[in-house]
Amino acid sequence: METVKPRAVLRSFRALAFHGENRGDATGTEMRMDMQQDIELGLAVPTVSGGPLQVSVFIKLKATATNVNDAKDQATFAGDYEAKFYFASEVVEEQVTPLMEDSEYQYLHVAQAFPLAMTHFKRELQALGLDARQLPLGLQ
């Protein structure tokens, strides 16, 4: 019989920082969008006795849109996001540490946080006048 893996629950998601700039003409300009993403995942062990273990997912997204007719005309946006997953209080570090090396277990957490980050990111790009409809919401 297979043992049940401890599962953390998403309890917190927030935008840590974001900055955007689009000083070019936003109407009728064809732009080429380049995206970069950096995702970090880590196990947080409480320093206070009895506190729950956490899995933290940090997502950094950066987009640069370049005018296809004028490479000097660029728009940029960067966003940093954090998702925190909490384990039940009875789950101990020795149970979770080996799981954090498993790519499927990591994917379980990232796949929940990434669409939230991309939804905000796309909305902010659109607020800057950029067409972000082609960007995926989920992991590719």
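The values are calculated or read from the model by the stated rules, or taken from the named source; none is laboratory data. Only a predicted model underlies this, so the values are computations on that prediction, with no experimental measurement involved. Positions of Cβ are generated from backbone atoms using ideal geometry, with glycine treated the same way; all protein chains shown enter the neighbour counts. With ligands, DNA and RNA removed, areas are computed over all heavy atoms of the protein, side chains included. Shrake-Rupley method; radii C 1.70, N 1.55, O 1.52, S 1.80 Å.
Going by the structure shown, is Glu21 of a type in the set (Asp, Glu), within 15 Å of Phe114 (Cβ to Cβ), touching a residue at least 12 places away in the same chain (Cβ under 8 Å) and touching a strand residue (DSSP E or B) at 6+ places or on another chain (Cβ under 9 Å)? Considered against the rule, which asks whether it is of a type in the set (Asp, Glu), within 15 Å of Phe114 (Cβ to Cβ), touching a residue at least 12 places away in the same chain (Cβ under 8 Å) and touching a strand residue (DSSP E or B) at 6+ places or on another chain (Cβ under 9 Å), Glu21 comes out as no.
Listed by first and then second residue, the pairs linking a residue in the stretch 114-128 that is closer than 15 Å to Gln37 by Cβ to a residue that is assigned to a helix (DSSP H, G or I) and open to solvent by 30 Å² or more (accessible area, probe 1.4 Å), with Cβ atoms under 6 Å apart and 6 or more places separating them unless they lie on different chains, form an empty list. Restricted to the stretch 55-89, and to residues there that are modelled with pLDDT of 90 or more and charged (D, E, K, R), the residue that is nearest to Asn22 (Cα to Cα) is Lys62.
The sole residue among Leu125, Leu130 that is hydrophobic (A, V, I, L, M, F, W, C), within 18 Å of Leu61 (Cα to Cα), in contact with a strand residue (DSSP E or B) (Cβ under 6 Å, 6 or more places away or on another chain) and not in a loop (DSSP other than H, G, I, E, B) is Leu125.
Looking only at the stretch 45-58, count how many residues are exposed (fewer than 15 other Cβ atoms within 10 Å of the Cβ) and among the aromatic types (Phe, Trp, Tyr). I'd like the intermediate steps shown before the answer.
If we filter the stretch 45-58 for residues that are exposed (fewer than 15 other Cβ atoms within 10 Å of the Cβ), which is where we start, we get 45-51.
Remaining after also requiring among the aromatic types (Phe, Trp, Tyr): none.
The number of residues fulfilling the criteria is 0.
If you check Ser49 against the conditions, is it of a type in the set (Gly, Ala, Ser), at pLDDT 95 or above and farther than 17 Å from Asp131 by Cβ? Can you show your working first?
Numbers: of a type in the set (Gly, Ala, Ser): yes; at pLDDT 95 or above: no; farther than 17 Å from Asp131 by Cβ: yes.
Against the criterion (of a type in the set (Gly, Ala, Ser), at pLDDT 95 or above and farther than 17 Å from Asp131 by Cβ), Ser49 does not qualify.
Return a yes/no flag: does the stretch 99-118 have any residue that is open to solvent by 60 Å² or more (accessible area, probe 1.4 Å), among the hydrophobic types (A, V, I, L, M, F, W, C) and in a loop (DSSP other than H, G, I, E, B). Checking the stretch 99-118: not a single residue is open to solvent by 60 Å² or more (accessible area, probe 1.4 Å), among the hydrophobic types (A, V, I, L, M, F, W, C) and in a loop (DSSP other than H, G, I, E, B). On the basis of being under 20 Å from Lys5 (Cβ atoms), of a type in the set (S, T, N, Q) and part of a loop (DSSP other than H, G, I, E, B), does Ser56 make the cut? Judged against the criteria, Ser56 is not a match. Taken across the stretch 36-44, residues that are more than 19 Å from Glu124 (Cβ to Cβ), of a type outside the set (Ser, Thr, Tyr), open to solvent by less than 80 Å² (accessible area, probe 1.4 Å) and assigned to a loop (DSSP other than H, G, I, E, B) do not occur at all.
Go through the residues of the stretch 59-67 one by one and say whether even a single one is of a type in the set (Ser, Thr, Tyr) and open to solvent by less than 50 Å² (accessible area, probe 1.4 Å). Scanning the stretch 59-67, I find at least one residue that is of a type in the set (Ser, Thr, Tyr) and open to solvent by less than 50 Å² (accessible area, probe 1.4 Å), so the answer is yes. One residue stands out in the stretch 68-90 among those that are over 25 Å from Leu128 (Cα atoms) and loosely packed, with under 15 Cβ neighbours inside 10 Å: the one that is nearest to the chain's Cα centre (by Cα), namely Ala88.
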